[in-house]
Amino acid sequence: MPETAAAHAHHFDDLEQQHQASWLGMWVFLASEIMFFGGMFLGYTIYRTAYPQAFADASNHLDVWLGTVNTAVLICSSFTMALAVRAAQLGRPKPAILFLLLTIVLGAVFLAIKFTEYYAKFIEHLVPGGAFVYDDALAAAAEIFFSFYFAMTGMHALHMLIGVGLLATLIVKTARGRFSADYYTPVELIGLYWHFVDIVWIFLFPLLYLMGRHFG
Amino acid sequence: MTEPIAERRRHYLNVHYGLTSWLFTTDHKRIAWLYLVSVTFFFFVGGLFATLIRLELLTPQGDLVQAETYNKLFTMHGVTMIFFFLIPAIPAVLGNFLIPMMIGARDLAFPRLNLASWYIYILGGLFTLTAAAAGGVDTGWTFYTPYSSIYSNTHVAVTVIGIFITGFSSILTGLNFIVTIHTMRAPGMTWFRMPLFVWAHYATSLIFILGTPVIAITLSLVALERLFGLGIFNPELGGDPLLFQHLFWFYSHPAVYIMILPGMGVISELITCFSRKRIFGYEFVAFSSLAIAALGFLVWGHHMFVSGQSVYASMIFSLLSMLVAIPSAVKVFNWTATLYKGSIAFDAPMLYALGFIGLFTAGGLTGLFLATLGVDIHVHDTYFVIAHFHYIMVGSAVMAYLGGLHFWWPKMTGRKYPENVARLAAVIIFLGFNLTFFPQFVLGYLGMPRRYHIYPPEFQVLNVLSTAGASILAVGYVLPLVYLIGSLRYGAIAGMNPWNARGLEWQTPSPPPTGNFDVTPTVVEKAYAYESLEPEILYPPGGRAADA
Amino acid sequence: MNSRHIVSVGLYTAIFGALVLLTLATAGVAFVDLGGELNSIVALTIAVVKALLVILFFMHVRYSSRLTWVFAGAGFFWLLILLVLTMADPLSRDWLEAVIQ
Amino acid sequence: MAARVDALFYFLVAVSVFFSTLIFVLIIVFAIKYRRRSENERPQAIPGNLRLEVLWTTIPLALTMVMFVWGAKVYFDISYPPIDALEISVVAKQWMWKAQHPEGQSEINELHVPAQRPVKLVMTSQDVIHDFFVPAFRVKKDVLPGRYTTVWFEATRPGSYRLFCAQYCGTQHAGMVGRIVVMEPSEFQAWLSGGAAGVSMAGAGETLFQRLGCAACHLPNGTGRGPSLVGLIGKKVRLQGGGSVTADEGYIRESILHPQAKLVAGYPPVMSTFKGLISEDGIMQILAYLKSLNREEGTEGKK
C-alpha cells in the first residue's frame, strides 16, 4: 500500500473522496454562515427603511477613515491568505508559513483598529444601554443603529478571532510537515472561511460606515 | 435458547467495552445510541411537564399550580420537546444509525464532527436544564419580544443560550448528512436508487443548515438585549415588534418540517416492507420531500395573520401555505396506493405507519384551516392550533419515530422485541392520542385560548376528556420504554433480516460490524424490490463475508 | 469537486488591485450626493462586485464543480427569500389605509 | 361576519371529512383485502401511475385555491372597518383592558357597545403584545406596543360575550379577560348619557393640547413654528428629504414621541419629545381631538 504522510481516514475510499467531502462540507457550512449573518442584515434593512434619517445621522458618527483602512487591511489579508493556499498547493511550506503569518498579522491589525473604534464609542457614550447619550431628537432610532453596529461588527470580530486561532494551528501543522502538494485540505478550507469573513465585512463597510456620508 | 454464535462474532456493540469506549466513539452507530439515550431522557422530562399541564387543566380554577408555575411548565414543555426531543429524534438517532448503511458507506463523512454534534447538543441541554432547575423560564417556547427581551423576570438568557448551542448540533448533523449523501454512496447507488428515508433526510438537512442559523442569531440577539441592553427589538426605541416574529418563524416554521420529513421517510420504508410492494410513484415521493423543504421556507408568515402584519403580506403567505399542502397530499396518496394489491402484515411498525397516515391526514387537513386567512383569525392562538400541531408533531412524528425504532430495533440490538405487547402499545398510543387531542380541536373552535391555566367553566368537559386521553397516552409511552429495555436481555436473536426487508442495512449482520459492511456492496437495482424473493446486490470478487 | 487549479500570482494580484480600487471608489463616491437612493444602490453594487471577485477567484469557485456553485448560491438565495418576503410586510403595511382613504 | 367565517369553516370541515374518510376507508379496505395470507406471497410491483399523480396533484391544488380566495375575501373584509363605524379606543396593559368611548366614558375589562352597528376599536399596548379576542364575533387582533392596530365587528344580538387576551403576555395572561356587553341602541344611548361621563375624549384631548403647550406652535392657520394640525389626519404629508407619508394615527403618535423621525417639509426640527410626559391614553385623547378638528373643518367646508 502506498503509504504517505497523507493517508486518508479509514472510512473514505481514497484521498480524493476525502478532499471532496471536506471541500463540500466547508461550503455547506458557509451557506449556513450566510444565513447566520443574514438575520442581522434583515433587521438592519427593516430599520433603515423605517428610519432612514436617523440611520444616516448615526452612521456619520462612525470613523469612515478607520473603516476604509480596515477594509483595505482585510482585503490584504485575503490576498495573503490566497497566496498561502497557493504555496500549500505547490507544496512549499516556507512561503506558506510566511503568508499565513502575514494573514494573522493583518487580522490582528484589523482587530486592533476595531477595538480602538469600540473604545472611542464607549468614551462617546454611543454604546447602547443605560449609558447611551445622543444629543439629538433622533436618539431612539440612533440607539437601534448602534445596537446593530455592535451586534454585526461584534459577531464579525468573533469570527475573525476564531479565524486567527485556526490560522495559528495551520502554521504549527505546516511547520511540522503535515501538508504536501497531495494533501493541504485544512489550509484550503480555513482559507475559504477567512475569505467568507472578508466578504461579510465587504457588506458591513458600506452599510454601516458609508450610508449617510452624502448628508454629512 | 441463546445462540452463542452471534455473541462470538465481532460487531459494533462488543468491539469495545466501558464508558469511555462510548463517550469517545466516532462510530455513527454508537453515536446514534448516545442520542437515543439522551432524547429519551428529554422526552420523559418534557412528558413530565405535559402531565402537570394536563392535571392542572382538569379543573377551570388554578388549583394545582400557581399562574407563574403553569407558565413555566408549558414553556419548558415546549422547549424540551421541540429543541431537545423532536428535532434531534429521528435524524440524530435513526438517521445517524441508518444513513451510512443505507447508502453503503462505512461511516458518515465526518465522524469526529458527528461526535462533537452530540456533545454540543448535551451542552445546550445542560444550559437549558440549568435554567429549568434554577427557576425556569416563562416566555413560551416562542420567546416573543418584548416580553422575552424586557418584561420577563425569568431565566430567558440561559435558556436561549442553550437553544443557540443546540442549534449548532443541528447544523453540523445536517452538514454531515448532506456531504455523506453527496460523496459516500456505494458503487451503483444512484440518487434514484436511494431509499426514500435518505431523500427525506437530505431535505431535512437542507432545513437544518439554512434555517437553524437564523434562530441562532435571533435568540442570541434576544440574549444580548437582556444582558447588555442592546436595543434591537425594543419598542420604546421604535423597535418593530414583528421583526422578532419574522426571524423566529423563518426558522420555526421549517422546523416543523424538520420534525415531520424524517418521519415521512420512515413511513415510506415501513409501508413498503410490510406490504411487500415497491413504493407507488417513487420519484413523486422523493421530490415531494424536497418540495416540502423548499416551500416550507416561504410560508412562515401564516403564523402572523393576526399579528398586525400587512394584509397583503398575509395574502402572499396564505397562498404559499396552500401550496405546501400539495406535496403532503401527494405523499399520503402514494402511501395509500402502495397498499393496493400488496401483501400486508400487521407487525407493530406497520401499525404505527398506518396510524401515522391517519393522524397526518387529520393534522395536515386542519393545517389548511390555519392557512385559510378568514378562518385562521378565529382559531389562531386557540386550542385548535395546539391540537393541529400535536397531530403533526406527536401524532405523526412520534408515531413514525416509534415505528422506526421498532422496525430497526433488531438491527440496532440484534434482538427482537416482544411483538404482541408492542402491538398493544401501538394501539394504546393511537387511541390515547386521539382522545387527548381531538377534543382540543373543539375547544379551539369554541374559543379557548392557549396558555390559559384558568378557563371559563363551559370548557371543562372537553378538558377532562383530554386529560383522560393523556393518561392513556402516558401508559402507551411507558410500555415501549419497559419492553424495549427488557428485550436487550431477554429478546430473541433477530438474525440479519428478520422482516425480509430490502435496503442495504438488512444485508449486513445484526448488529452490524464497526465498518457496517465487510465488503462494500455494489447496488444494481432500485430500492424496494419486494417482488423478488431475494435482494440482488453484487459484491466484488472475494464475495461477502459469511454472516452469523 | 474543486479542480486542483493553481491560480497564478499575477491573477491574484490583479484581483487584489481591483478590490483595493473598488474600496477606494466606494468610500469616495459615498461623499457625493447622487440623489435619492442612488448612493445606496451604488455602494451595494460595488460590494456585490467585490464579493463576487473574492468568491470566484480567491475562493476558487470559478474553477469548481457545479455542486460548489449550488451551495455557494443557496446561501445567498435563501438570504434573498428572507429579505424579500419579510420586507413585503413593512413595505405594504400602509396600503390598506391608502385604500380606505 | 361571524356567519361568513363559519360558512368557510364548515366548507373546510366538509373537505376535511371527505378526504379523511376517503383515506381511512381506503386504508382499512386495502388492509383487510390485501392482508398477508401466506409467508411466501410476492405481490406484483406497481411502480406508479402518472395519471393518478396528476389527478391527486391538481384536485388538492384546485381545492386549496378555492380556500385561499374565499379566505382572503373574508380576511380582507374583516380587516376593513366600515367608514361609519363607531370608534372606541382601547389600551391594553399587563393585565387589563382599558376602553374609552368618544363621549368620555372609560371602562376596565368591560366594553359596552350597541347592537346592529359596526364598532371599530383602535388599540395599542403599554407594554408587551396582547391580543383582543372575542370568540363570539370571530375577531382577533394583536395589540402591539408602539403601534396602532384596529379591529371591527358588528354585534347582532344584545347579550354578554367573553373577551380573551389571546397573545401570551406574562404571569396573569389567563386573567386578562373581560366581557363585551352588547345593548339595544336605545339602551346604549341611555348608558352613554348616564353616570358621571364628564368630558368627551376630544374635550380631554383639547385640554391636553393646551396644557402640554402644543397649541403654542401648532397654530390652526399654519403660521406657527409647527405645521397646522387642522384636517391633518388621513392626509398625505410631504416629508423633509423627499418622500411622503399618510398622517394616520401611527404617524401622529410617532411624531409626538419621536418628533424628528419624519419631519414635515418646510418646518425646522425644533420640537422635543413628549415621551414620558404623555400616556398612551393621553395620545388617544389627542388623536380624538385632532379627528374632531377634521370633522369641524369638514362641516365648515360644506357650509
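Being of a type in the set (Gly, Ala, Ser), under 19 Å from A:Gly43 (Cα atoms) and in contact with a Gly (Cβ under 8 Å, 6 or more places away or on another chain): is that true of A:Ala181 here?
It is false that A:Ala181 is of a type in the set (Gly, Ala, Ser), under 19 Å from A:Gly43 (Cα atoms) and in contact with a Gly (Cβ under 8 Å, 6 or more places away or on another chain).
For the subset of region A:84-98 comprising residues that are over 22 Å from C:Lys50 (Cα atoms) and at the interface with another protein chain (Cβ under 9 Å from one of its Cβ atoms), which member is surrounded by the most Cβ atoms within 10 Å (Cβ to Cβ)? So the residue we want is A:Gln89. Residues in region D:140-174 that are under 30 Å from D:Ser255 (Cβ atoms), among the β-branched types (Val, Ile, Thr) and within 7 Å of chain B (Cβ to nearest Cβ): D:Thr149 only. Can you say whether D:Tyr10 is at pLDDT below 90, surrounded by fewer than 17 Cβ atoms within 10 Å (Cβ to Cβ) and either of a type in the set (Phe, Trp, Tyr) or touching a Gly at 6+ places or on another chain (Cβ under 7 Å) (or both), as far as the supplied structure shows? For D:Tyr10, the condition - at pLDDT below 90, surrounded by fewer than 17 Cβ atoms within 10 Å (Cβ to Cβ) and either of a type in the set (Phe, Trp, Tyr) or touching a Gly at 6+ places or on another chain (Cβ under 7 Å) (or both) - is not met.
Here C:Ala74, C:Ala25 are screened, and the one residue that is part of a helix (DSSP H, G or I), among the small types (Gly, Ala, Ser) and either within 15 Å of the chain's Cα centre (by Cα) or farther than 23 Å from A:Met211 by Cβ (or both) is C:Ala74. With respect to the conditions (1) more than 22 Å from B:Met448 (Cβ to Cβ); (2) in a strand (DSSP E or B); (3) within 7 Å of another protein chain (Cβ to nearest Cβ), D:Leu61 lacks only one, and its number is (2).
Identify, please: which residue in region D:34-51 is in contact with a Phe, Trp or Tyr (Cβ under 8 Å, 6 or more places away or on another chain), at the interface with chain B (Cβ under 7 Å from one of its Cβ atoms) and not basic (Lys, Arg) and is, among those, farthest from B:Gly374 (Cα to Cα)?
Per the stated criteria, the residue is D:Pro43.
Selection of region B:225-242 for residues being crowded, with 21+ Cβ neighbours inside 10 Å, at the interface with chain A (Cβ under 7 Å from one of its Cβ atoms) and either touching a Lys or Arg at 6+ places or on another chain (Cβ under 9 Å) or part of a helix (DSSP H, G or I) (or both) yields B:Leu237, B:Asp240.
Here D:Pro268, D:Pro227 are screened, and the one residue that is touching a residue at least 24 places away in the same chain (Cβ under 8 Å), part of a loop (DSSP other than H, G, I, E, B), out of contact with any helix residue (DSSP H, G or I) (no Cβ under 6 Å at 6 or more places or on another chain) and surrounded by fewer than 18 Cβ atoms within 10 Å (Cβ to Cβ) is D:Pro268. For region A:99-107, does any single residue satisfy the condition of being more than 9 Å from every other protein chain (Cβ to nearest Cβ), buried (at least 22 other Cβ atoms within 10 Å of the Cβ), of a type in the set (Val, Ile, Thr) and within 30 Å of B:Leu175 (Cβ to Cβ)? Scanning region A:99-107 turns up at least one residue that is more than 9 Å from every other protein chain (Cβ to nearest Cβ), buried (at least 22 other Cβ atoms within 10 Å of the Cβ), of a type in the set (Val, Ile, Thr) and within 30 Å of B:Leu175 (Cβ to Cβ). A single entry from A:Met81, A:Met35, A:Met40 fulfils the requirement of being farther than 30 Å from C:Leu24 by Cβ and either buried (at least 23 other Cβ atoms within 10 Å of the Cβ) or of a type in the set (A, V, I, L, M, F, W, C) (or both): A:Met35. The single condition from (1) under 18 Å from the mean Cα position of the chain (by Cα); (2) within 14 Å of another protein chain (Cβ to nearest Cβ); (3) in a strand (DSSP E or B) that D:Val113 fails is (2).
Looking only at residues in region A:63-76 that are more than 28 Å from B:Ala216 (Cα to Cα) and more than 9 Å from chain C (Cβ to nearest Cβ), the one that is surrounded by the most Cβ atoms within 10 Å (Cβ to Cβ) is A:Val73. Looking across B:Phe369, B:Phe297, one residue alone is more than 29 Å from D:Glu41 (Cα to Cα), facing another protein chain (nearest Cβ under 7 Å) and either β-branched (Val, Ile, Thr) or surrounded by fewer than 24 Cβ atoms within 10 Å (Cβ to Cβ) (or both). It is B:Phe297. Criterion applied to B:Phe346, B:Phe360 was being closer than 22 Å to B:Leu424 by Cα, more than 9 Å from every other protein chain (Cβ to nearest Cβ) and among the aromatic types (Phe, Trp, Tyr), and the one residue passing it is B:Phe360. Restricting attention to region B:444-494, the residues that are within 14 Å of another protein chain (Cβ to nearest Cβ) and more than 23 Å from B:Val398 (Cβ to Cβ) total 13. Here C:Ala27 clears all of (1) in contact (Cβ under 8 Å) with a residue 24 or more places away in the chain; (2) facing chain A (nearest Cβ under 9 Å) except the condition numbered (1).
The values are calculated or read from the model by the stated rules, or taken from the named source; none is laboratory data. Keep in mind it's a predicted model, so treat the numbers as computed, not measured. Every residue, glycine as well, gets a Cβ built from its backbone with ideal geometry; the counts of neighbours run over all protein chains shown.
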